[in-house]
Each structure stands twice: as structure tokens, then as C-alpha cells.
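The next block holds one structure in the form of C-alpha cells; read it before the comments.
No value in this document is a laboratory result; all are computed from the given coordinates. Fair warning: this is a prediction, and the values are worked out from it, not measured in the lab. So basically every Cβ, Gly included, is an ideal-geometry build from the backbone, and we count neighbours across all protein chains shown.
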Amino acid sequence: MALFEGLNTQVLGISVDSVPCLQAWADHLGGINYPLLSDFYPHGEVSRCFGVLRDDGTSERALFIIDAEGIIRYIDVHDIASQPDNEVLRDVIRKLDPVSAAKEVRPAEPEALPLPHGGIVMYCTPWCEDCKKARSWLQKRGFKYTEVDISRNAKAAAQVRAWAGGNQTTPTFDIDGTIIVDFDEARLKQALNVT
């Protein structure tokens, strides 16, 4: 996965959903570049072993970083709507394997650049359904806009959290200084003078 390129790391996704469901989800995202495993049968057994299987048979949204000896070194159980800060994960991995971290080739980070201002700026993520609706809504009306992917830009994610009361809500819009959190058509129409 490009996010951890250069680090001696294997990213795995796991879900209690069936293989066809996971395939449909991956296809919906336009494909993923890491293995996605099904914890469907026996249902949720891996999730149960990691302590994240809910009573209703679904699992918590959780991240685990496991070292080369199989010891869990980091756990993050978080709300399904929130996206953890990728830089935190990279830092944990770097501490576990300083030799790989020293060899890591780090591309220019987008957060080093100033955030865009003026016009319509949409802070989003690639997998957000409301972001997809917002793109379509803006394009259908002929609006030009700038997208900022908060899953790849920690500075942008922090800005969204500041605007959204601590939540990482997408899409969030900055329309010439007017901030609109979430895909709120009424507020977008008002800010863009759409009738």
C-alpha cells in the first residue's frame, strides 16, 4: 500500500462480511491494493479473538499493528464514521522497525502545501458516499471545484475536524470562506445562489 511504501509492512483488511460482499465493496471503491479477508465462517471468529466482535454479529472498526513476533503493539477502536490519522500509524510502524524507517523514501507530503482557498473547495475521501453525491451535484450544475483528500493530507483532516466540532465529516466545503459540513443541499444552494 502506497501509504506505507518503503516500510517493512503488510496491510490486511478483515471484515465479518462474506467474500461476495467484500468483492462488491472493493469494486465500489474502484479496487483496493491490499488483501481483504473474510471473517464470515465461523462467523466473526477472528474479530472475537481480537475482542472487537459486537453482540449483533458485526465488528467494531479497529486497527491493530502487530510486530514481526506476532505481538500486538497498537490498537485503535474507533467510530465507523471517523478516519484515523495515517501519520500516527506510520509513526508506530517506524518505531517498531527503525531499520526500514531509515530506508523509507518519503514522497513530498501534501500537508506541506498550503490548503486551497477561494472558490469551492471540497474536503473529501475516496470512499465517502456523500462525497460521490456531492461531486455529481456540483458537476451537474457546472460548478468548478477543488478536491482535497483528507485521507492523504493530515493538515486537511485537522482543518475538517476543527470545522466539524472534532469530527472528520466528509464532505466538508469551504465556499469562499463559508464552511458547510456534510452534503447539505439547502446550504449549498444558498451559498452558491442556486434556485
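Give me 123, 145 sorted ascending by neighbouring Cβ count inside 10 Å, so fewest comes first.
Working: 123 28, 145 15.
Listed from fewest to most nearby Cβ atoms, that is 145, 123.
Hand me the tally of lysine pairs in the chain: alpha carbons under 19 angstrom apart, and the pair either on different chains or 8 or more positions apart.
On the way: 95/103; 132/140; 132/144; 132/189; 133/144; 133/189; 140/189; 144/189.
Number of lysine pairs found: 8.
Please sort 53-64, 38-49, 165-176, 124-135 by packing, taking for each peptide the average over its residues of neighbouring beta carbons within 10 angstrom, highest first.
Numbers: 53-64: 13.2, 38-49: 14.8, 165-176: 19.2, 124-135: 17.1.
Ranking the peptides 53-64, 38-49, 165-176, 124-135 by packing returns 165-176, 124-135, 38-49, 53-64.
Determine by what factor the alpha-carbon radius of gyration of the range 2-103 differs from 2.2 N^0.38 Å, reporting the quotient. Present the calculation step by step, with values, prior to reporting the outcome.
Values: Rg = 14.7 Å, N = 102, 2.2 N^0.38 = 12.8 Å.
Dividing the Cα Rg of the range 2-103 by 2.2 N^0.38 Å gives 1.15.
Using only the Cα atoms of the range 112-192, what do you get for the radius of gyration and for Dmax, in Å?
For the range 112-192, the Cα-based Rg and Dmax read 11.5, 34 Å.
By how many nm would the segment from residue 19 to residue 92 grow when fully extended, if each residue of separation counts as 0.36 nm and the alpha-carbon distance is taken off? Spell out each step's value before the answer.
Numbers: separation 73, 0.36 × 73 = 26.28 nm, distance 3.02 nm.
Gain in length upon complete extension: 23.3 nm.
Calculated FRET efficiency, residue 37 and residue 190, Cβ-Cβ r, R0 41 Å, to nearest 0.05?
Values: r = 45 Å, r/R0 = 1.10.
The calculated FRET efficiency here is 0.35.
Between the range 139-176 and the range 50-64, what's the alpha-carbon centroid distance in Å?
29 Å
Using the alpha carbon gyration tensor of the chain, what are the three equivalent-ellipsoid semi-axes (square root of 5 times each eigenvalue), largest first, in whole Å? Show your work: numbers first, answer last.
Working: eigenvalues 219, 99, 43 Å².
The three semi-axes for the chain are 33, 22, 15 Å.
Run the numbers for residue 113 and residue 56: contour at 0.36 nm per residue of separation, minus the present Cα-Cα distance, in nm.
16.1 nm
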